[in-house]
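Read-outs throughout are calculated quantities, based only on the coordinates presented, and are distinct from any laboratory measurement. The model shown is predicted, which means the values in this text are computed figures rather than measured ones. With ideal geometry, Cβ positions are generated from the backbone for all residues, glycine too; neighbour counts draw on all protein chains shown.
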Amino acid sequence: MAHRITAPAMQRAQRLLDQRVQPFVHTDAINFVVEATPETFESVGFAAAVGGPRSTFAIGSKWGTPWHTTWFRLTATVPEHLDGRPLHAMIDLGFRGRGDGFETEALVYRDSRVLHAIQPDRRTVDLGTPGAGEALELWVEAAATPIIAGHEFGYGPTLLGDPATAPQRPIYQLRRAELACFNPEVNALAVELHAVIDLTVDMDARDPQRPRLFAALEAAGNALDVADPVGTAGDARAELARVLRVGNGPGAHRIVATGHAHLDTAWLWPIRETRRKALRTFANAVNLLDRNPDAVYCHSQAQHYAWVAQDSPELFARITQLVAEGRWEPVGGMWVETDLNLPDGESLLRQMVQGQRAFRGWFGLTCNGAFLPDDFGYPAGLPQIVNHGGAQWFFTQKLSWNETNRFPHHTFWWEGLDGSRVFTHFSPVDTYNALNLPSQFRFAERNFSDHVGASTSLVLYGHGDGGGGPTQTMIDRARLAADLNGVPRVTMGKVADFFADSIDEYGADAPVWVGEMYFEKHRGTYSTQIGTKQGNRRSEQLLHEIEVWSALAGSRPGRIDEWWQRVLTQQFHDIIPGSSIAWVHDDAEAEHAAIAEEIGAEVRAVLAPTGKDTTIMNPSSAAFSGVIDVDGVPVHADIPAFGWSSPSPTLPADGTTCVQVGGDITVTGGGTSFTIDSNGTLTSIVHNGRDIIPADDFAGFVLRADTPAEYDNWDIDMADANRTAEFVAAAGPPTVVEQHALRTTVECTYGTGASTWTVRYSLTGSGRIDITLDADWHESERRMQWRVPTDIHSHEAVCGTQFGHVRRARHGNTSWDIARFEVCAHRYVAVAEPGFGVAIMADGPRGYDVRNDALQLTVMRSPRFPDPEADRGRQHVEWAVRPLDSLVDVAPLEEEAETLSHPPRVVPGSPTVPNDVVSWNVPGVLISALKPADDGSGDIIIRAWETTGGRRTGSFDVTGTRSAVPCDALEDPVAPALDRDGTGYAVTLGAFEIVTLRLTR
Ligand SMILES: [Zn+2]
């Protein structure tokens, strides 16, 4: 019965809104006179547009070649019938498909000042109440950003993501440019009608309030005279007020609503466009805050502020004022909203350092929380990184996307590897782009897991991903929900205040989640767009190296902050994961190449070698002893940490040998031997007499279908990971290409119909097998893995992560274990029994399948969306197999990984930096940064971390220093200075602890 009663009632209400109210929000329209500049690929800017050529543009005409910009000039003289009435400009650039930020958008200027954006949900410009005869002029900078994702193309390949392949024809149509009278009473009725309809639909049929909502809708319809909607809108509102005035009980859930615009620093648009999006988005927020004194807006990502400060100092000054008033809230303290899986630990810390420093400089404040709503996994070291960066709380919501398991808490303490805790909140509205609908607030209340002790949750409202932010309607809706029966009590407030109140209320009782927060989706992002990832790794290595050598040289490079900021920007959560359009990844690789050249030159300048001797520099914090190529010839070198030496004149006792029996080649050295057969498979890897590989199995390359249901560049689906893989045999028998006392190398070429790859297996006296792959890769929707089966009984794999390691199950005991079918690991993945084990070590690739009895490294993918050519072409990938005697103490493995992460540098001549001045005698502790202090004081900063998960004590010294003060990552002191005894400074580090010390000369 209910259905027969309610269905036509809701239909009537919806039609009332759509056809009898909404069209009368604006009336009495006339067309603007429109002119347009010739479109250009790069925007000419306001001054040039105003002063340049333009021609008449007919409303209804096409405009906008993809990625080009057109400036429109709109002019009108206020006619008599609009004299003194509230006027709006109404602009439709040809909006379609998905909403704000995903298609064309524009920025409006009036009287040479930035006003705000024009977007699908923000089509009007308030022109005040001008008198008849007054001349109006607007300039509109319209960007023809094409729709990449959405209804038009789904997840199919698109050529629109690269200006070189996008069609060269206009794709938008200027549908509307009108001057109209704005009727605020009708607008208010539209907002309220929409809210009551939304609430009625969402409410349970048995809720006693629901029939009253129906009655109010019916009464509102009766009160509105369709012949005079403007004149009777107030009567209809009075009917709705009967239900909108009914408040909530004292036990209602509470919501703090904060205006926000999630702005992806690059994604389906390049950084070039994000820079303009930031200006549009910030202008929108300033405009709204000016009109709504009770509203608050928060924005993260210092990089966006830096762009706006450069591009519109006037707007930035208004933002600075709003920050001072407490209405604009800088959040997160990071340079950008970084990806968390791929950057190394030092990069994550520098996100906090560069972000916090920028916010301090602009606004005199330090953010007290980390704000990362959209990350694809949360590593176990992050709580400590957040604390070390000066922040105490953490915000996200992305785990609501988990495919398998529901995360059990929304408000809780998150405890990291070392025991550090951050008070954490997941917004239960399951989005960072809320629209403030009553049904959304109600969902958040139902979804919230922590009602037992927490009365409040946080909702971020505003169009996001492509920016845009809140609208007036969203703010109006938040006000309607301040005290509304059936809806949580909504107040507009700041994120930091929400956290402070929440900690007060629930901090003592909140549950604790320990360890990583694995994201059960987007597992392909550990591997996709390998060129972007390798560029990042190279930049991270060079930044580490220039800091080491310049610290020892007693100088600070003038461009060091700029280099860091550029690298950090490229670590944004859609760039380094490989989930952007082709253009973004081309930009990223070019940026990393430019940075490598600039820092490389600076390294050479700082080292300033003289003479003719060859020197090998070791920028790592572990002593190096091994083989390195000098002019293509392997030499042996023993080099102290942060020091240098000449190639060793004598060969070490452990050499390598090679025997060939039939088609099998066996190479032996350093207690390890491996055999490769004529198929190009490794049939054995023997260490101290025991084979890692089971008797009936072999290690080699497999190809697997890689056909995600959605989000191609992001996702590897479980169905594909579990599909039968195709083994790839060699194209020809392997050959010995290098036979040297220090190193023996076997080469083998593999291929499919489309791709070929040549692989070199090298063994040195260290007993580690180094594998390099050079591919010409042209697969489509296939993934290459290198699989090594392990005859080792181990229920878990030890996986390196930032500032530590985590243990992950190799079985599927629980649904949480089952969901971890592909994991992210830094430096190594290892499995062991007591006395025997094996690790895959890799500094570039990060994706592994560690399940069951094999270790499988994802070497390459070939997804098609949003970059249809992702990863195709020439690729070079390196990894290694390290047999292990033990995994009880990971210190030796971490030390070896350290020298792989920061490989030696060959220098012609002797460097001028002092050698071997850092002595560090704390077993199991490595140094992630040795750098000049950021304040330019000449102090040296050392950042150390405990690698094994135990307490470590020892001492260290740097020649020529006289005091050491414990600091945080911002290099602010956190404890009294350490005493220096005869040999140096005594320190103790807890399990996985990060310690930063400032050394004064
Ligand atoms: Zn995002």
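Give me P(r) over segment 146-270, computed from all C-alpha to C-alpha distances, binned every 10 Å, as integer percentages.
The percentages, shortest bin first, are 10, 23, 20, 22, 19, 6, 0.
Tell me, what does the Kirkwood hydrodynamic radius of segment 688-737 come to in angstroms if you use every pair of distinct C-alpha atoms?
14.2
Using the charge dipole of segment 71-195 (Lys, Arg: +1 at Cβ; Asp, Glu: -1 at Cβ; taken about the Cα centre), state which of Tyr155, Thr77, Ala177 has its Cα farthest towards the positive end.
Tyr155
Under the classification rounded if a/c is under 1.5, otherwise prolate if a/b is larger than b/c and oblate if not, where does segment 959-1001 fall, given a ≥ b ≥ c as square roots of the Cα gyration tensor eigenvalues?
It is oblate, given that a/c is not under 1.5 and a/b is not larger than b/c.
Per residue and in cubic angstrom, what volume does the convex hull of the Cα atoms of segment 648-725 have?
170
For segment 324-380, report the translational diffusion coefficient in µm²/s to the nearest whole number, using Stokes-Einstein at 4 °C, 1.567 mPa s, and a Kirkwood Rh over Cα pairs.
108
Debye calculation, C-alpha points only, no solvent: report log10 I(q)/I(0) for segment 532-636 at q = 0.20, 0.23 Å⁻¹, in the same order as the q values.
Evaluating at q = 0.20, 0.23 Å⁻¹ gives log10 I(q)/I(0) of -1.07, -1.21.
What number, in nm² with one decimal, is the all-direction average of the projected area of the convex hull of the alpha-carbon atoms of the chain?
So the Cα hull casts an average projection of 43.7 nm².
Calculate, axis by axis, the spread of Cα positions in segment 302-453 along the three principal axes, and write the results as whole Å, longest axis first.
46, 41, 27
May I ask you to list the chymotrypsin sites (Phe, Trp or Tyr not before Pro) in segment 796-897 that are in a DSSP loop and have at most 15 other Cβ atoms within 10 Å of their Cβ?
Hits after loop and neighbour filter: nothing returned.
Neighbouring Cβ atoms within 10 Å as the yardstick, rank Ser312, Ser780 fewest first.
Taking fewest neighbouring Cβ atoms as first place, the list is Ser780, Ser312.
Within a Cβ distance under 9 Å of Asp843, other residues only, what is the Lys/Arg minus Asp/Glu net charge?
+1
For Cα pairs less than 8 Å apart in space and 6+ apart in sequence, what is the mean separation divided by the residue count of segment 389-514, i.e. the relative contact order in percent?
28
If the convex hull of the alpha-carbon atoms of segment 878-976 is projected onto planes in all directions, what is the mean projected area in square nanometres?
Mean orientational projected area (segment 878-976, Cα hull): 9.3 nm².
For Trp777, enumerate residues with amide H under 5 Å from its amide H, sequence gap 5+ or separate chain, H modeled in the peptide plane.
Gly873, Arg874, Gln875
I need the Debye-formula profile for segment 1-94: one equal scatterer per C-alpha, no solvent, reported as log10 I(q)/I(0) at q = 0.11, 0.18, 0.19, 0.25 1/Å, two decimals.
The Debye formula, applied to the Cα set alone, gives -0.56, -0.93, -0.98, -1.26.
What is the dipole size for the chain, taken about its Cα centre, with +1 at each Lys and Arg Cβ and -1 at each Asp and Glu Cβ, in debye to the nearest 20?
1460
Can you work out ³J(HN,Hα) from phi for every residue in segment 535-548, in order, using Karplus 6.51 cos²θ - 1.76 cosθ + 1.60 and θ = phi - 60°, giving whole Hz and x for Gly and Pro?
Karplus-based 3J(HN,Hα) across segment 535-548 equals x, 4, 4, 5, 5, 4, 4, 5, 5, 4, 5, 5, 5, 4 Hz.
Give the distance, in whole Å, between the Cα centre of segment 219-260 and the Cα centre of segment 569-592.
Cα centres, segment 219-260 to segment 569-592: 46 Å.
Tell me, what is the percent relative contact order of the chain, built from C-alpha pairs under 8 Å that lie six or more residues apart?
Worked out over the chain, it gives 10 percent.
Between Ser955 and residues 5 or more places away or on another chain, which pairs have amide H atoms under 5 Å apart, with H built 1.01 Å from N, and which residues are they?
Counting only residues 5 or more places away or on other chains, the set is Asn921, Val922, Val987.
Taking the chain as the reference, fit the longest principal axis to its C-alpha atoms, fit the long axis of helix 345-363 to the helix C-alpha atoms, and give the angle between the two in degrees, 0 to 90, nearest 10.
Around 40 degrees separate the two axes.
Let me know the Rg and Dmax you get for segment 456-615 when you use only its Cα atoms, in Å.
23.8, 83
For segment 588-740, what is the relative contact order in percent, using Cα pairs closer than 8 Å and at least 6 residues apart in sequence?
Dividing the mean separation by the residue count of segment 588-740 yields 13 percent.
Which of Lys398, Lys494, Lys612 comes first, and how do the rest follow, when ranked by fewest Cβ neighbours within 10 Å?
In increasing order of surrounding Cβ atoms, one gets Lys612, Lys494, Lys398.
Convert each backbone phi in segment 818-830 into a coupling constant with the Karplus relation 6.51 cos²θ - 1.76 cosθ + 1.60 (shift: θ = phi - 60°), then list the ³J(HN,Hα) values in order as whole Hz, x for Gly and Pro.
Ordered by residue, 3J(HN,Hα) equals 4, 5, 8, 7, 9, 10, 9, 9, 9, 6, 6, 10, 9 Hz.
Would you tally the net charge around Met784, using a Cβ to Cβ cut-off of less than 9 Å, leaving Met784 out, and scoring K and R as +1, D and E as -1?
+3
Quote the Stokes-Einstein diffusion coefficient, in whole µm² s⁻¹, for segment 493-573, based on the Kirkwood radius over alpha carbon pairs, a temperature of 37 °C and a viscosity of 0.692 mPa s.
Once the numbers are plugged in, D ends up at 192 µm²/s.
Per the helix-only calculation at 222 nm, which mean residue ellipticity applies to the chain, given -39500 (n - 2.57) for every DSSP H run of n ≥ 4 and division by its residues, nearest 500 deg cm²/dmol?
-8000 deg cm²/dmol
What is the dipole size for segment 797-872, taken about its Cα centre, with +1 at each Lys and Arg Cβ and -1 at each Asp and Glu Cβ, in debye to the nearest 20?
Computed charge dipole of segment 797-872: roughly 120 debye.
If you plug each phi of segment 406-418 into the Karplus form 6.51 cos²θ - 1.76 cosθ + 1.60 with θ = phi - 60°, what whole-Hz ³J(HN,Hα) values come out, in order, with x for Gly and Pro?
8, 5, x, 10, 10, 10, 6, 8, 9, 9, x, 3, 9
Dividing the alpha-carbon Rg of segment 767-824 by 2.2 N^0.38 Å yields what?
1.48
Net charge around Trp644, counting only other residues with Cβ within less than 13 Å of its Cβ (Lys, Arg = +1; Asp, Glu = -1)?
Spelling it out: positives minus negatives among the neighbours equals -3.
Give the shape of segment 87-173 as rounded, prolate or oblate, defined through the alpha-carbon gyration tensor: a ≥ b ≥ c are the square roots of its eigenvalues, a/c under 1.5 means rounded, and otherwise the shape is prolate if a/b is larger than b/c and oblate if not.
Prolate is the answer for segment 87-173, as a/c is 1.5 or above and a/b outweighs b/c.
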